[in-house]
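Peer 1: Okay, handing you the structure first.
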Amino acid sequence: MEDEKNHTGPLMIALQYNDLFDLDSISAMTASTNTDDAVPKDRAVTFIKAVQIVNERLVEQNKTESLLFEVILIAKECSEEIKMNIVESVKYYGLEIVKIFFCKKEELINTLQLNNVKLFLSTDKDDVYEVLHIGIPAAVLYEQSDDHVLNQLKVIFSGDVIGFSEDSLDSLSDFGFSETQIETFKEAKICMKEFAVLIGQMRRKFGQENSPLCICVLTAWGSTNVCASALKTLREWGLDVDEAFCLAGAPCSPILAVVKPHILWDGGLHNMRDLSAHS
Amino acid sequence: MSLDPVQVMKGQDPMPNTCPSASNGDSQASWDDSKDIHENEGSTKKPKSPKPENAVTIAVSSRVLFRTEKEQKVFEQKGIEEYLRYQVEHENEPFAPGPAFPFVKALETVNNRLRELYPDSEELFDIVLVTYNHAHVGIRLINTINYHNLFIERFCMTGGSSPIGYLKAWHTNLYLSADAEKVQEALAEGIAAATMFMPEKQIEVSETQLRVAFDGDAVLFSDESERIFKAHGLDKFFEHERENENRLLDHGPLKGFLEVLGKLQKKFYAKGHRMDCPIRTYLVTARSAASSGIRALKTLRAWGLEMDEALFLAGAPKGPMLEKIRPHIYFDDQMFHVEGAVEMGAIAAHVPYGIAQKYPHKKSTNAGK
């Protein structure tokens with residue numbers, strides 16, 4: 001297991017500044033002259049705090065642990081004032097952000113690739129889909145409606161993307177998915193694997209109970225066999241799953257509202273039209 | 001449970017090139033090769049699951065759907081890590097049927113009949129497995145579902161978190177569990193729920209007709225009369241019932257479930273299947289027909305609910321009656337009656353509602369109502 005430590009290193013997650021900070025508060029700032037900091041959004045903060053807890057627990061077990069989460073912030077097209085405010089706010093709210101990148105809109109992908117980002121998180125499903133399509137792992141930073149404190153980082157993997165085999169994924173065209181969409185799912189599966197392997201290593205450092213990391217699989221639409229396939233595949237990738245859900249076409253939101261994940265890896269699947277309308 | 005592990009993976013659908021995994025290690029090949037997944041989704045043979053709000057959703061826990069006593073012991077004696085390891089080790093051994101199994105099979109039979117008569121309707125039973133279990137046990141549970149040819153396409157394995165939130169998300173009409181605490185939580189949230197117990201012997205139940213039996217007080221009706229009886233005795237109870245004959249009883253936790261059963265029954269009646277309706281409901285109450293039973297009947301009538309058979313026992317033991325009826329499930333609020341039923345081999349479920357939970361029936365006083 002020593003080798004693992006050497007070539008894994010930090011698990012870098014990238015957030016966009018408009019997901020972390022309330023844009024309205026930023027523009028309000030620039031309008032007025034007061035120096036109040038930008039207000040961070042609940043859902044991003046709960047995510048960062050949850051990540052911090054995982055890191056703390058990992059370090060507790062091993063002071064020289066190298067496989068830790070690192071969160072970086074990407075800010076596109078910011079004025080100097082806003083840049084400063086972001087930096088100040090990050091400090092003020094004690095958010096553990098390792099680096100902040102200021103770049104142009106077109107440079108987003110480059111920035112992600114250059115920095116070996118293992119996961120790009122966004123609340124914008126279209127952004128996620130675009131990035132995935134290029135082969136960079138991306139997932140949705142999910143809405144946490146109340147600011148309850150979860151002392152657990154919850155990650156959901158899509159059982160549909162992982163559970164369907166290569167050939168079966170092609171069959172999705174019967175259901176109205178386009179070629180590009182199907183290509184994106186295949187990309188997503190590859191991306192998920194890398195992330196799953198890393199997070200699996202992290203997860204194994206904790207026991208079943210009282211783990212700061214909780215891994216879930218949600219099969220929105222494949223059969224229970226697809227879900228079983230996903231569970232087995234993840235196990236092969238070294239990731240043991242804690243919670244599993246199989247929906248067979250039922251709407252996801254009520255279930256997600258109970259699961260309350262931070263990270264939702266849906267490979268772009270849930271961006272789709274209502275599949276249960278298929279007859 | 002000496003089952004050939006290799007045969008486990010047969011599912012409901014034709015699986016042309018199933019190479020079931022005998023060992024956990026080489027599972028990749030068998031899953032990737034199975035074109036059945038494609039056939040599953042594209043084929044018109046396998047029915048689609050209904051939308052939760054349209055269906056009558058029955059949530060069952062793994063401990064009542066299957067027999068997991070051995071595994072429970074491992075959990076209690078050796079802790080969770082060992083328990084999960086044991087489950088994974090025995091992944092290809094399906095569980096044996098549990099107390100809720102015949103009930104679930106009967107629901108599927110009704111569904112088949114409903115689909116024949118109303119092919120486009122979503123008013124069907126939908127069975128969801130809602131379990132505290134970790135997803136580690138998931139593969140074994142799915143294997144078992146396939147082995148027994150159960151049509152369960154939905155589940156929530158909550159890995160230790162409370163299942164109650166999920167029950168609501170599924171619009172659950174009835175929740176069956178082995179854990180009285182969870183059942184009570186569900187009842188508190190307004191979800192019909194009951195605890196099930198495994199009978200030592202099991203009497204045979206019908207394979208063509210779903211039979212559901214209900215106790216009256218504190219199950220279909222509120223525990224108002226129970227309270228009077230417990231506080232003031234039999235005479236006061238009779239007096240109270242006489243005086244209030246025309247005042248409807250308040251509803252109890254299972255009234256809603258009876259209602260949805262009634263709705264489905266009417267669908268059969270509408271197509272001329274009143275005589276051979278695959279759903280039959282029974283009232284099995286300690287009330288007496290001549291007196292206190294009247295109020296119960298009037299209440300049911302006012303609610304627009306029909307029961308196929310109403311059995312007023314006037315205090316006689318319920319066991320023998322249940323043995324005759326052979327329900328797939330019998331709901332009672334008193335553990336005493338549930339135990340009596342289970343002893344006779346009837347499938348009974350305890351509804352931990354109302355005053356009887358605080359003042360359980362003493363075996364010595366077999367007073368009638």
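Throughout, read-outs are computed from the coordinates displayed, never taken from laboratory work. These figures come from a predicted structure and were not determined experimentally. Note that each Cβ is placed from the backbone with ideal geometry, even for glycine, and that neighbours are counted across all protein chains shown.
Peer 1: How well do other chains shield peptide B:144-156, expressed as the mean number of their Cβ atoms within 10 Å of each residue Cβ?
Peer 2: 4
Peer 1: Further question: Antiparallel DSSP bridges in the range B:52-196: what percent, to the nearest 5?
Peer 2: 10 percent
Peer 1: Shape call for chain B from the C-alpha gyration tensor, a ≥ b ≥ c root eigenvalues: rounded (a/c under 1.5), prolate (a/b greater than b/c) or oblate?
Peer 2: prolate
Peer 1: Dividing the Cα convex hull volume of the range B:181-247 by residue count, how many Å³ per residue is that? Each step should come with its number before you reach the end.
Peer 2: Values: hull volume 12.1 nm³, N = 67.
Normalising the Cα hull of the range B:181-247 by residue number yields 181 Å³.
Peer 1: May I ask you to derive the FRET efficiency for B:ASP179 and A:SER66 from their Cβ-Cβ distance with R0 = 35 Å, giving the value to the nearest 0.05?
Peer 2: Numbers: r = 42 Å, r/R0 = 1.21.
Calculated value: 0.25.
Peer 1: Would you mind putting A:177-188, A:53-64 in packing order, based on average other-beta-carbon counts within 10 Å, highest first?
Peer 2: Put in order of decreasing packing, that is A:177-188, A:53-64.
Peer 1: With charges only on Cβ, +1 for K and R and -1 for D and E, what is the dipole size of the range B:111-264 about its Cα centre, in debye, rounded to 20?
Peer 2: The dipole of the range B:111-264 has a size of about 480 debye.
Peer 1: Separate question: Between B:ARG301 and A:GLU183, what FRET efficiency follows from the Cβ-Cβ distance if R0 is 51 Å, with the result rounded to 0.05?
Peer 2: So, using R0 = 51 Å, E works out to roughly 0.25.
Peer 1: Quantify how strongly other chains surround peptide B:47-53 by giving the mean number of their Cβ atoms within 10 Å of each of its Cβ atoms. Working shown, then result.
Peer 2: Working: counts 0, 5, 7, 4, 4, 6, 3.
For peptide B:47-53, the averaged partner shielding equals 4.
Peer 1: Now a separate question. Order the peptides B:220-229, B:306-315, A:96-105 from the highest to the lowest mean number of other Cβ atoms within 10 Å of their residues.
Peer 2: The densest-packed peptide leads the list: B:220-229, B:306-315, A:96-105.
Peer 1: Could you compute how fast the range B:210-358 diffuses translationally, taking Rh as the Kirkwood radius over C-alpha pairs and applying Stokes-Einstein at 20 °C with viscosity 1.002 mPa s? Give it in µm² per second.
Peer 2: After rounding, the answer is 138 µm²/s.
Peer 1: Sort B:66-73, A:199-206 for me by packing, meaning the mean count of neighbouring Cβ atoms within 10 Å per residue, highest on top.
Peer 2: Details: B:66-73: 17.4, A:199-206: 19.0.
The peptides rank, most packed first, as A:199-206, B:66-73.
Peer 1: Excluding residues fewer than 8 places away in the same chain, name every one of the lysines whose C-alpha is closer than 25 Å to that of A:LYS105.
Peer 2: Once the sequence-local lysines are set aside, what remains near A:LYS105 is A:LYS41, A:LYS76, A:LYS83, A:LYS91, A:LYS118, A:LYS125.
Peer 1: Sticking with this one: Can you give the three extents of the C-alpha atoms in the range B:52-196 along their principal axes, from longest to shortest, in whole Å?
Peer 2: 50, 35, 21
Peer 1: Only counting other Cβ atoms within 10 Å, I'd like B:SER49, A:SER165, B:SER62 sorted with the fewest neighbours first.
Peer 2: In increasing order of surrounding Cβ atoms, one gets A:SER165, B:SER49, B:SER62.
Peer 1: Here are some pairs, A:LYS186/B:LYS182; A:LYS232/B:LYS73; B:LYS266/B:LYS358; B:LYS51/B:LYS266; which of them have Cα atoms lying more than 32 Å apart in this structure?
Peer 2: Among A:LYS186/B:LYS182; A:LYS232/B:LYS73; B:LYS266/B:LYS358; B:LYS51/B:LYS266, the Cα-Cα distance tops 32 Å for A:LYS186/B:LYS182; B:LYS266/B:LYS358.
Peer 1: Next question. I'd like the mean, over residues of A:249-258, of how many other protein chain beta carbons sit within 10 Å of each residue's own Cβ.
Peer 2: Taking all residues of A:249-258 together, the mean is 6.
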